[in-house]
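Here's the structure, in structure tokens; my notes come after.
The values are calculated or read from the model by the stated rules, or taken from the named source; none is laboratory data. Everything quoted here is computed from the prediction, not taken from an experiment. With ideal geometry, Cβ positions are generated from the backbone for all residues, glycine too; neighbour counts draw on all protein chains shown. Please note that ligands, DNA and RNA were not included when accessible areas were found on the heavy atoms of the full protein model with its side chains. Shrake-Rupley method; radii C 1.70, N 1.55, O 1.52, S 1.80 Å.
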Amino acid sequence: MTLNIENTRSYLQKFDFESLFIEELGWDYCDEKTTVVIDEDEFHLQAVGEKRGVVAFLCELGDALPLPVVRRKIDRKVAQYFREHFIIFIYAA
């Protein structure tokens with residue numbers, strides 16, 4: 001499978017991660033959702049794709065990325081349910 005750079009760039013510029021993972025990278029559709037509470041703050045994560053047990057999550061935030069310590073806590077909570085995963089954090093700049 002050859003990666004189409006133009007399509008990939010377009011998906012990234014539009015923050016269309018679900019299309020990137022499913023249509024361009026060939027991952028499987030995944031409709032998992034989870035909410036993580038850290039220090040009374042809620043973080044909503046939506047899966048954008050799954051491949052062989054690895055789940056890619058998207059965490060959309062309001063105005064800023066959480067501190068690294070908070071991101072690690074989110075990751076540990078998600079790991080309790082999805083051992084193999086990664087999280088893409090995005091925010092409205």
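Taking R0 as 25 Å, what FRET efficiency do you get between K33 and A64 from their Cβ-Cβ distance, rounded to the nearest 0.05?
Using R0 = 25 Å, I get an efficiency of 0.65.
Considering only the chain, what is the antiparallel percent among its DSSP beta bridges, to the nearest 5? Walk me through the numbers before you get to the answer.
Values: 13 of 20 bridges.
In the chain, approximately 65 percent of DSSP beta bridges are antiparallel ones.
Can you give the net charge of the other residues whose Cβ lies under 14 Å from the Cβ of V78, counting K and R as +1 and D and E as -1?
On the way: positive: K33, R71, R72, K73, R76, K77, R83; negative: E32, E42, E50, D75, E84.
Here the count lands on +2.
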Q) What accessible area per residue comes out for the chain, rounded to a whole number of Å², with a 1.4 Å probe? A) 69
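Let me check something: with ligands and nucleic acids excluded, how do E42, E24 order by accessible area (1.4 Å probe), largest to smallest? Don't jump to the answer; show the numbers that get you there.
Values: E42 115, E24 15 Å².
Ranking E42, E24 by accessible area, largest first, yields E42, E24.
Per 0.36 nm of contour for each residue apart, how much would the distance between K77 and R52 grow if the chain were fully extended, relative to their Cα-Cα spacing? Walk me through the intermediate numbers first.
On the way: separation 25, 0.36 × 25 = 9.00 nm, distance 2.07 nm.
Answer, rounded to one decimal: 6.9 nm.
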Q: Using amide H atoms built 1.01 Å from N in the peptide plane, name the residues 5+ places from I38, or on other chains, whose amide H lies under 5 Å from its own.
A: F43
Q | Label-point separation, H44 to I88 (7 Å along Cα→Cβ), nm | A | 1.8
Q: Take every Cα pair under 8 Å in the chain that's 6+ residues apart, average their separations, divide by the length, and report that relative contact order as a whole percent.
A: 22
Q.
Can you list residues from other chains, or at least 5 along the same chain, whose modelled amide H is less than 5 Å from the amide H of E32?
A. A47
**Q.** Alpha-carbon centroids, the stretch 60-93 and the stretch 11-55: separation in whole Å
**A.** 11
Q: Straight distance only, please: which lysines reach the Cα of K77 with their own Cα at less than 23 Å, same-chain residues fewer than 8 apart left out?
A: K33, K51
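Rounded, prolate or oblate, given the Cα gyration tensor of the chain, with a/c below 1.5 counting as rounded? Could the numbers behind the result be given before it?
Numbers: a/c = 2.52, a/b = 1.47, b/c = 1.72.
Judged from the Cα gyration tensor, the chain comes out oblate (a/c at least 1.5, b/c at or above a/b).
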